Structure formats: C-alpha cells, structure tokens
Amino acid sequence: MTRRTDIDVRPITEAEFPDWNRALNTGFLQPPAVGAEQLEARRNQFVPGRLLGAFDGGRCVATFRSFAQEVTAVGGAPVPADAVSNVTVTATHRRRGLLTRMMAQDLAAAKERGDVVATLIAAEYPIYGRYGFGPATTMTEWTVDVPRAGLDPRRAGPEDGGRIDLVDGEDVRKLGPELHDRLRRAQPGAVSRAELWWLVRTGVLSMDGSPWTEPCYAVYRSAGGEVEGMAAYRSDGHWGDAKQPLNTATVDWLLAVTPAAERALWRYLCSIDWITKVKSGWRAPDDLLPDLLPDPRAARITRQADWLWVRILDVVRALEARTYEGQGSLVLEVVDRGGLTGGRWRLEAGADGASCAPTTESAHLVLDVAELAALWLGDGSAVRLAALGRVREERAGAARVADALLRTSRRPWCPDMF
C-alpha cells in the first residue's frame, strides 16, 4: 500500500484531464472509458487550478472540482460561492485522507478568493459535515394522481388571459436564462447557471455520452406577452391491459416567477391527454403544487431529502448579506474545526439591514459552523437544533430569538443539481 505522503494531491494539468475523467467515471460507478466527444464536452468545465486530483504512481485515484457560483441569500442578494462537485475517491484508496486534503486545499483557496460560502449537493449524508457543511435546503418530489385531482377536464388553458406555448430547445436557450435570473433573484437558496447548463439541458452538449432525447418544452406567457414560466417534461408510453392510457409525465425542471405561471404550468401538465400521473421533479418542500389541486391528496410525496449543503467561509459577510424577519441582536459563538471562520460574533439585525462584528461579549448561542449554514438560508430552527443537542443556549430564550430573526415565511429552494 502506498503511503499517504507518497500520494500527490494537486491541481491537474490539461494533459491529465483524460485520466482525471477516467477516475471520475470509476468513482461514480460509470464505465471508465470516456469517449472523445464526451471528453471534449467536459473540457468546458476545465478551469486551471479548480480541478484537483490525487495521483499514486502517476495514476489519478481521486477527483475534485470546484467552480464559481452565486447563491441567493434571504432577501435576494447574490453571494459569491465556491461550488464543489465531481468528488470521488477510487475504492482502492479510501480511508487515506485524500478527500480531506483536497477539501482543505479548495476551501483555503476559496477563502483567499473572497468567497462567502461553499456549496455542494451531497451524494452521501455522513461525509461533508466534518468539513463544516450543513444541509441548508430540502428537495421534495410529488406524484400527482391526475384522475383524483378534481380538475375540470373541459378547462385546460390559463384563466387569466395568459397562454401556454410549446417551444424547442433554441427557444429555451433564448428565453430561459433571463427567466432563471428573475427566479434566482427572488428565491433564497437558488444558484446561478452558466451557459453550459442550457447547452446540456437542450442537447447541444452531452457530458455522459448518452444519446439525446429532447423533452417537450412548455412556456407560459402572461396576458401582456411576458414569459413568466417554463417547464421541460417527458412522458412514457404505458397502457393498461384493457387499452386504457396509464402514461406518466415526468418534469425535468419547471421555473415560474409568478403564482399565475406556476398554476398555469401545473394545470397544463395535468390536462395532457393520456397522462394519468405527473411526477413533479425536484421542488421546494412548501411548493404550491398540492394546494393548487382541488384535492391536494392527489399529490403524494414520493421523494424528500436534504439538497443544497452550505459551508460558511465568512460569517460577517454571510450574515450581513441577508435580510431578517424581525429586529434584535444575538451573540453567536461559531465553532469551526476547519479553522476558517470560527469565533464570537455580535449580530444586530433589523428591517434596514444587519451588522455583524467580532466581540468579546458572552455568547448567547454556541453552534458549529455546519449548523450556522442550516440557519443562514432560513430553513433551520435553532430551537429544534437545541433540542437535538446541536446548538447550545448560553442565555435562556436565545434559540427563540434566533428563530424570530433568521427563519423565513417561505422555505429556501435550490432548483439545481451540480
């Protein structure tokens, strides 16, 4: 077995990119060979210094990639983030500290760049808490039993003067980015999308080498002609023994910047001939979908899990970037085993904004940096975390004060996988 100190962890060169991708595929249990077309598509993600690899005898045995991102704080401010993805360690080299070394390098560089947070979507739950990440948003998927929903089949179109149009991938690339920017400016937890996202989701590029099958794209335009919503969906061809249609429409993604657009798109999806089930895709846990139906019980939760994980890199800038539901002050003692942003901080928050600064005052709450991430986007409850023993009250009632300040009326949501 190679000693840990003999395994080189460093940014990869362009010449090492094919070997790095082979290790990436292996780590994600995909066929190791990477075709020329697939490799060329993935080169769009190559940014010098942001792809790390662990090399044993010249062979890549672990992978790590980060890229520039913005995540929307409560109140709509875009916050610079270090987005972490493509994390693998080959099975032959587990338990040797390779991920710890790659993560330490990347987070130190992100801190030096001035990123306020780091983000990721965790494939496995137990791994990332030890690096200061905490689950900050939740994903929910509903399956709608259309015949039970109680919708009037005679009324499929929007009732507000708007309209639904079917478009193609070229239209999506033209209309989608501006629509998504409108959504993410208003949605805490949403993240930025590069042009590459739209190229992959409309079949221009393939990252996995699989054949492209175009989904259907539906656009909602308001009565004034403004694009306010868009969805991509696919349907199967399932028919029952008695020749009755039992088809399912599966939503790849749905964006809506107004309740009218959201209502119209879900109504459209539930009115397509032969469709008896609609799978919603990744939605916010308080999505409007169930209660848009006359019978909300027709929408059952078929999947729910943690989604966006956040690691705070700068407590002051993170807490000052967001808005607050109420007015008050808290002294937070943040424990950071990674040594990046621990300390004691006084937060003064109100309707006009917030200030946060180091302090020597006695702490009101003591919490790990991972728990601060859960509270930062407004979804976590300090009272609940205290009951779980993950937040410690040093002043009676401090957890309730924290909830009154930090929690939001609508839950944060990240529509993206990265």
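The table for this structure:
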read-out: Selection status of G161, assigned to a loop (DSSP other than H, G, I, E, B) and free of Cβ contacts under 8 Å to residues at least 60 places away in the same chain; value: no
read-out: Residue match in the stretch 262-279 (condition: farther than 16 Å from L151 by Cβ, buried (at least 20 other Cβ atoms within 10 Å of the Cβ) and either touching a Ser or Thr at 6+ places or on another chain (Cβ under 9 Å) or acidic (D, E) (or both)); value: no
read-out: The stretch 79-101 - residue that is closer than 17 Å to I12 by Cβ and aliphatic (A, V, I, L, M) and, of those, most open to solvent (accessible area, probe 1.4 Å); value: V89
read-out: Extreme residue, surrounded by the most Cβ atoms within 10 Å (Cβ to Cβ), among residues of the stretch 335-356 that are within 27 Å of the chain's Cα centre (by Cα) and charged (D, E, K, R); value: D336
read-out: Matching residues in the stretch 382-417 - criterion: being under 21 Å from A321 (Cβ atoms) and not charged (D, E, K, R); value: A382, V401, A402, A404, L405, L406, T408, S409, P412, W413, C414, P415
read-out: Residue check for R303: among the charged types (D, E, K, R), more than 18 Å from G176 (Cα to Cα) and either in contact with a Phe, Trp or Tyr (Cβ under 9 Å, 6 or more places away or on another chain) or open to solvent by 40 Å² or more (accessible area, probe 1.4 Å) (or both); value: yes
read-out: Subset of the stretch 232-247 (residues that are without any contact (Cβ under 8 Å) to a residue 24 or more places away in the chain and surrounded by 10 or more Cβ atoms within 10 Å (Cβ to Cβ)); value: R234, D236, H238, W239
read-out: Residue within the stretch 190-201 that is open to solvent by 40 Å² or more (accessible area, probe 1.4 Å), more than 19 Å from F418 (Cβ to Cβ) and either within 20 Å of the chain's Cα centre (by Cα) or among the basic types (K, R) (or both) present; value: no
read-out: Condition check for L254: closer than 30 Å to G224 by Cα and either open to solvent by 10 Å² or more (accessible area, probe 1.4 Å) or without any contact (Cβ under 8 Å) to a residue 40 or more places away in the chain (or both); value: yes
read-out: Candidate set: the stretch 105-136, residues that are among the charged types (D, E, K, R) and more than 18 Å from G189 (Cα to Cα); chosen: the one surrounded by the fewest Cβ atoms within 10 Å (Cβ to Cβ); value: E124
read-out: Options S355, S409, S362; residue that is of a type in the set (S, T, N, Q) and closer than 30 Å to R283 by Cα; value: S409
read-out: Conditions (1) small (G, A, S); (2) over 22 Å from A104 (Cβ atoms); (3) surrounded by fewer than 19 Cβ atoms within 10 Å (Cβ to Cβ): number failed by A73; value: (3)
read-out: Entirely in the stretch 19-123, the strands (runs of 3 or more DSSP E) that have 1 or more residues that are touching a residue at least 60 places away in the same chain (Cβ under 8 Å) and of a type in the set (S, T, Y); value: 59-72, 78-89, 117-121
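Okay, residues lined up against (1) among the basic types (K, R); (2) farther than 21 Å from G97 by Cα; (3) open to solvent by 40 Å² or more (accessible area, probe 1.4 Å):
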| residue | (1), (2), (3) |
| --- | --- |
| A23 | no, no, no |
| P31 | no, yes, yes |
| Q38 | no, yes, no |
| R42 | yes, yes, no |
| F46 | no, yes, no |
| L51 | no, no, no |
| C60 | no, no, no |
| T63 | no, no, no |
| S66 | no, no, no |
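Okay, residues lined up against (1) open to solvent by 30 Å² or more (accessible area, probe 1.4 Å); (2) among the acidic types (D, E):
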{"site": "M103", "(1), (2)": "no, no"}
{"site": "T140", "(1), (2)": "no, no"}
{"site": "R155", "(1), (2)": "yes, no"}
{"site": "L166", "(1), (2)": "yes, no"}
{"site": "V172", "(1), (2)": "no, no"}
{"site": "E178", "(1), (2)": "yes, yes"}
{"site": "L183", "(1), (2)": "no, no"}
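The values are calculated or read from the model by the stated rules, or taken from the named source; none is laboratory data. Computed from a predicted structure; not experimentally measured. Every residue, glycine as well, gets a Cβ built from its backbone with ideal geometry; the counts of neighbours run over all protein chains shown. Protein only, heavy atoms only, side chains kept; ligands, DNA and RNA dropped before computing areas. Shrake-Rupley method; radii C 1.70, N 1.55, O 1.52, S 1.80 Å.
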